[in-house]
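First the structure, in the form of C-alpha cells, and then the observations on it.
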Amino acid sequence: MKKILALMLAGCMALSMVACGGGSTEKEPTEEPKTEDSKEEVKPEDAAKDDADKVEAEVPAGGKIGVCIYKFDDNFMTTYRNALQTLLEEKGYEVTVVDGNNDQAKQTEQINTFITQGVDALIINPVMPSAMATTVAAVQSADIPTVIINREPTAADMAPFNRCVYVGCDAAQSGTFQGQLILETENKGDINGDGKVSYIMIQGDPENIDAKLRTEYSVKALEDAGVATEQLNLTRGDWDQNKGQEICANDLSQFGDKVEVVFCNNDAMALGALEAIKAAGREVGKDIYLVGVDALDAALDAVQAGTMTGTVLNDAQSQAEKAVSCMEELMNGKTYAEGEQSVYVDYVKVTSDNVKDFIK
Ligand code: BGC
C-alpha cells in the first residue's frame, strides 16, 4: 500500500513540476507533503529523514488541496494566501499553492494538472473571471469540489456545477464605505467650498468586479447623500502600488489644488498615492483626502498617523476561514442551488476612531 502511495506521489510530483514550473510555486513540487502530527506511522521527527522516507509519507486524512492564486505578487492576496495555507495545513491537508503569474493560460494549465493529480478539492483565485465558465466545466467533469475566491464570476458561470461556490465580499459595500469615509469629514470632501467634490479615481484591474463596483459605489454614496461630484480623472492602476504613485503624481501635477479626494480601489495604490501626495507638498486631512480598501498593515499605520483619511477592512482571515469551511462542506456532500452560489463576508469601515482595533 505504501509503495503504491509512494509511486502515486512521485508521479504527481513529476507532473506538477512540468506544469507548474517548479520555481514559481510556493511549495516546491519535490517538497515533502505535510503530515499530521497525530498520524500513527509518521512522526514529526521522521519527516526530517532522507528522500526515501519522504515518499513513504502518507497523505493526511484530510486529503490533497490545490490552491491557485492569480499572482503571488499582490499585497492583499499575499495576506490571504498565507492565511489559507496556514488554516489548511493546521487541519492536516496536503496543500499545494501555485502562482498564476497573472496569466490565464498558465492558471488553466495548473488547474488541469491538479485535476489530473486527482486533488480532493480546489480553491481558485481566478486570473480572469471571464474564463470561469470553462474552468467550471472542467472541474465539473472531474467532479472536484471547488471554491472560487476574491474575483467573483457570474452566477451563470457557476450555475452548471452545484459543487462550486464563490466566497468573497460584496464589492459594492466597500465602495459605499469609501464614500461614507469622505462624507464623514468636516466638509464632506468639499475642501475648497465650491459646492462639489472634485476627485481622481485610481482603479484596480477591471477584470475584478471589485474594481468596477468600488469605483461606482464610492461616488454613488456621495451623490445619494446630495453631494455633487466632479471626476477629474479615472485611471487604471491594476491594484499596484507603483502605478498608484505614478498616476497620482501625474494627476496632481495636471489638476493641482483642484484635487480634493483621491479614491483608490485598494490600499496598495493608496500607499503609492500617499507618496505622490507628500512629494507634491500636499497634506492629507488638510488640503486633500485619501481613501483605500483592504486595511493592509501599512495603511492602518497611515490611518493612525492621519496620512490616510480611512480604509475599509477586506477581511482576509475571515474570507480564508469561510473558504475552508465551504470547501469542507462541499467535500462532505453539500451542494449549492443556482443563484445561491455566492457567500459574502462583511467589509468594515476603518477610521482614526477605530483603527486601534485593527492594528495587530
Ligand atoms: C483587493 C486588492 C487585490 C485584488 C486582487 C481586491 O479585493 O482589494 O487589493 O489586489 O482583490 O484581485
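A simple spin-label model places the labels of I359 and L183 2.8 nm from each other, with each point 7 Å out along Cα-to-Cβ. 3J(HN,Hα) along the range 168-174, derived from phi through the Karplus expression 6.51 cos²θ - 1.76 cosθ + 1.60 where θ = phi - 60°, amounts to x, 10, 7, 4, 4, 4, 5 Hz, with x in place of Gly and Pro. From most to least packed by mean Cβ count within 10 Å, the peptides 170-182, 243-255 give 170-182, 243-255.
Cα centroids of the range 91-129 and the range 285-348: 22 Å apart. Per-residue 3J(HN,Hα) values for the range 248-260, derived from phi via the Karplus relation 6.51 cos²θ - 1.76 cosθ + 1.60 with θ = phi - 60°, read 5, 4, 4, 5, 5, 6, 6, 9, x, 5, 4, 6, 9 Hz in sequence order (x marks Gly and Pro).
Using Cα pairs under 8 angstrom and six or more residues apart, how large is the relative contact order of the range 194-294, in percent?
On the way: 194 pairs, mean separation 32.2, N = 101.
In percent, rounded to a whole number, it is 32.
Under the simplified labelling scheme, the T86-L232 pair shows an inter-label distance of 4.0 nm, with each label point 7 Å from Cα along Cα→Cβ. Near Y166, the amide H atoms lying under 5 Å from its own belong to I148, S342, V343; only residues 5 or more places off or on other chains count, and H is placed 1.01 Å from N. I want to verify the translational diffusion coefficient of the range 229-292 in µm²/s; compute it with Stokes-Einstein, Rh as the Kirkwood radius over Cα pairs, at 25 °C and 0.890 mPa s. It comes out at roughly 218 µm²/s.
Could you give the size of the charge dipole of the range 195-240 about its Cα centre, using +1 on the Cβ of each K and R and -1 on the Cβ of each D and E, expressed in debye and rounded to the nearest 20? Display every interim value, and only then the final one.
Values: 5 positive and 9 negative charges, 39 e Å.
The dipole magnitude comes to about 180 debye.
The simple spin-label model puts a point 7 Å past each Cα toward its Cβ; for A305 and Q254 those points are separated by 2.8 nm. Pairs from the list K188/K349; K71/K278; K196/K220; K91/K356; K278/K360 with a Cα-Cα gap above 24 Å: K71/K278; K91/K356; K278/K360.
No lab work stands behind these numbers, since they all come straight from the coordinates. Because the structure is predicted, anything quoted here is derived from the model rather than measured. A quick note on method: Cβ atoms are made from the backbone with ideal geometry, for glycine too, and the neighbour counts reach across all protein chains shown.
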